[in-house]
Amino acid sequence: MFITVMKSKIHRVRVTQAELNYVGSITIDEDLMDAAGLLENEQVHIVNNNNGERLITYVIKGERGSGIICLNGAAARRAQVGDIIIIISYGMMTTDEAKTYKPQVVFPDINNRLVFN
């Protein structure tokens, strides 16, 4: 049997753009994508901390180092620039795999940049 578990998460990033007239998706800075192990076109769940909205969309690669987090298409109606969101991806694995799997969790700074200690 397979179960669905959190694969990765970008925790508390700030929405920098909302583009209603677009096909749909979320554009994410490629640095953040790499850190979270996200692939272009991968399905993600978006949780908006400001208004409680939740939605499912897919990832578009954004300019590396730009800090861009842009909700596109209908998703643009679910957040405003400045809102804090969480981006979560999930994967399917066996129960045994899930017991030892460690998700990639990214905690960017206030400008959506990676923080290295």
Matching option when the condition is under 19 Å from Asn112 (Cα atoms), surrounded by fewer than 15 Cβ atoms within 10 Å (Cβ to Cβ) and modelled with pLDDT of 95 or more, among Val81, Val13, Val44: Val81
Failed condition for Ala74, given (1) surrounded by fewer than 17 Cβ atoms within 10 Å (Cβ to Cβ); (2) at pLDDT 95 or above; (3) touching a strand residue (DSSP E or B) at 6+ places or on another chain (Cβ under 9 Å): (2)
Strands (runs of 3 or more DSSP E) wholly inside the range 64-110 that include at least 2 residues being of a type in the set (Val, Ile, Thr): 84-94, 104-106
Set Gly65, Gly37, Gly73: member being on the phi > 0 side of the Ramachandran plot and within 11 Å of the chain's Cα centre (by Cα): Gly37
Single condition Thr4 does not satisfy, out of (1) buried (at least 17 other Cβ atoms within 10 Å of the Cβ); (2) part of a strand (DSSP E or B): (1)
Selection count, the range 95-109, where residues are surrounded by 11 or more Cβ atoms within 10 Å (Cβ to Cβ) and either over 17 Å from the mean Cα position of the chain (by Cα) or at pLDDT below 95 (or both): 3
Of all residues making up the range 4-39, the number that are touching a residue at least 40 places away in the same chain (Cβ under 8 Å) and under 22 Å from Thr94 (Cα atoms): 9
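Among the candidates Leu32, Leu55, Leu114, single out the residue that is surrounded by 15 or more Cβ atoms within 10 Å (Cβ to Cβ), of a type outside the set (Gly, Ala, Ser) and in a loop (DSSP other than H, G, I, E, B).
On the way: Leu32 fails: in a loop (DSSP other than H, G, I, E, B); Leu55 fails: in a loop (DSSP other than H, G, I, E, B).
Exactly one of Leu32, Leu55, Leu114 is surrounded by 15 or more Cβ atoms within 10 Å (Cβ to Cβ), of a type outside the set (Gly, Ala, Ser) and in a loop (DSSP other than H, G, I, E, B), namely Leu114.
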Unmet criterion (only one of (1) under 25 Å from Thr95 (Cα atoms); (2) of a type in the set (A, V, I, L, M, F, W, C); (3) touching a Leu at 6+ places or on another chain (Cβ under 6 Å)) for Met1: (3)
Matching residues in the range 56-96 - criterion: being over 16 Å from Arg14 (Cα atoms) and in contact (Cβ under 8 Å) with a residue 60 or more places away in the chain: Ser89, Tyr90, Gly91, Met92, Met93, Thr94, Thr95
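The values are calculated or read from the model by the stated rules, or taken from the named source; none is laboratory data. Since this is a predicted model, take the numbers as computed values, not measurements. Methodologically, a virtual Cβ is constructed for each residue, glycine included, from the backbone with ideal geometry; neighbour enumeration extends over all protein chains shown.
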